[in-house]
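Let me begin by presenting the structure, written as structure tokens, before commenting on it.
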Amino acid sequence: MTPAPRALGRPLARRFYARDSLTVARAVIGRLLVRDAPEGRVAGRIVEAEAYRGARDPASHAYRGRTPRNATMFGEPGHAYVYFTYGMHHCLNLVTAHAGTPSAVLVRALEPVAGIELMRARRGVEAIEVLARGPGNVARALGLTLEHDGLDLARGPLWLSDLVPRRAGHRVARGPRIGIRVAAERPWRFFLEGHPCVTAPRRILARPG
DNA sequence: GTATCGATTAGC
DNA sequence: CTAATCGATACA
């Protein structure tokens, strides 16, 4: 007898993440990201993500080798790499590829699907479009901090659903990554074109020199 | 040891 | 446009 279907699906297996981060970044667009916490469950569709490619990528935290901060990226795929930046924000990445190849996908924006009131409480704003728009706001809406670095995405309580990705009538587009000063020309950002929850790039950061 | 800079955000 | 705010990094 088959188990009853779960409303939000089941966690994707580790093999989903065991591919190049470019492939995974494209594949996660439209997928459901679920976070189960004592306060409740929140979920959102990934509408924007970026690939970071370790030793080949000057913009990656792992470009200069392993440090205490980026250690999770050097481990098994299918884990959460959460880091702290600008003295106040956390960002969520999905570790991809394989152990020793520090690749990851930065989750840049979600379309809220469940637990919207909890997201509003965590964020202190009401509008659906801005609840999880921007990587710092994604982590905030999901209630993620450094203590969640290393969570196993294949087991929960933070996981990607195996349900068929829904693109909500939008096309998947790609373009340059946002907020970096090096390797900014590489088109490793994927997003649902025209989706209201996708970030609007403000400006190109000036390169040093 | 000191100086600088973020895979950002909100506000003016 | 800038302040916020601190860990990681660069350099003396």
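Every number in this text was worked out from the coordinates using simple rules, so none of it is lab data. Given the structure is predicted, the values throughout are model-derived calculations rather than measurements. Every residue, glycine among them, receives a Cβ derived from its backbone with ideal geometry; neighbour counts consider all protein chains shown.
Across the range A:48-64, which residue is nearest to DNA strand C (Cβ to nearest atom) among those that are charged (D, E, K, R) and part of a loop (DSSP other than H, G, I, E, B)?
The extreme case among them is A:ARG64.
Pick from A:VAL105, A:VAL138, A:VAL130: which is closer than 18 Å to A:ARG69 by Cβ, within 15 Å of DNA strand B (Cβ to nearest atom), not in a loop (DSSP other than H, G, I, E, B) and not acidic (Asp, Glu)?
Only one candidate qualifies: A:VAL105.
So, in the range A:88-100, of the ones that are surrounded by fewer than 24 Cβ atoms within 10 Å (Cβ to Cβ) and within 17 Å of A:ALA27 (Cβ to Cβ), which residue ends up nearest to DNA strand B (Cβ to nearest atom)?
A:ALA97
Restricting the search to the range A:20-58, which residues are surrounded by fewer than 16 Cβ atoms within 10 Å (Cβ to Cβ) and either under 19 Å from A:ASP152 (Cα atoms) or in contact with an Asp or Glu (Cβ under 9 Å, 6 or more places away or on another chain) (or both)?
Within the range A:20-58, A:ASP20, A:ASP36, A:PRO38, A:GLY40, A:ARG41 qualify.
Working only within the range A:149-165, note down all residues that are closer than 23 Å to A:PHE84 by Cβ, charged (D, E, K, R) and part of a loop (DSSP other than H, G, I, E, B).
Result: A:ASP149, single match.
Scan (1) more than 30 Å from A:ARG123 (Cβ to Cβ); (2) in contact (Cβ under 8 Å) with a residue 40 or more places away in the chain for the single condition A:THR96 breaks and write down its number.
(1)
Please work out which one of (1) surrounded by fewer than 20 Cβ atoms within 10 Å (Cβ to Cβ); (2) more than 16 Å from DNA strand C (Cβ to nearest atom) is the condition A:THR85 fails and give its number.
(2)
Within the range A:109-122, is even one residue crowded, with 22+ Cβ neighbours inside 10 Å and either of a type in the set (Val, Ile, Thr) or in contact with a Ser or Thr (Cβ under 8 Å, 6 or more places away or on another chain) (or both)?
Yes, the range A:109-122 has at least one match.
Give the residues of the range A:168-183 that are more than 16 Å from the chain's Cα centre (by Cα), away from DNA strand C (no atom under 16 Å from the Cβ) and either in a loop (DSSP other than H, G, I, E, B) or among the basic types (Lys, Arg) (or both), sorted by residue number.
Answer for the range A:168-183, where residues must be more than 16 Å from the chain's Cα centre (by Cα), away from DNA strand C (no atom under 16 Å from the Cβ) and either in a loop (DSSP other than H, G, I, E, B) or among the basic types (Lys, Arg) (or both): A:ALA168, A:GLY169, A:HIS170, A:ARG171, A:PRO176.
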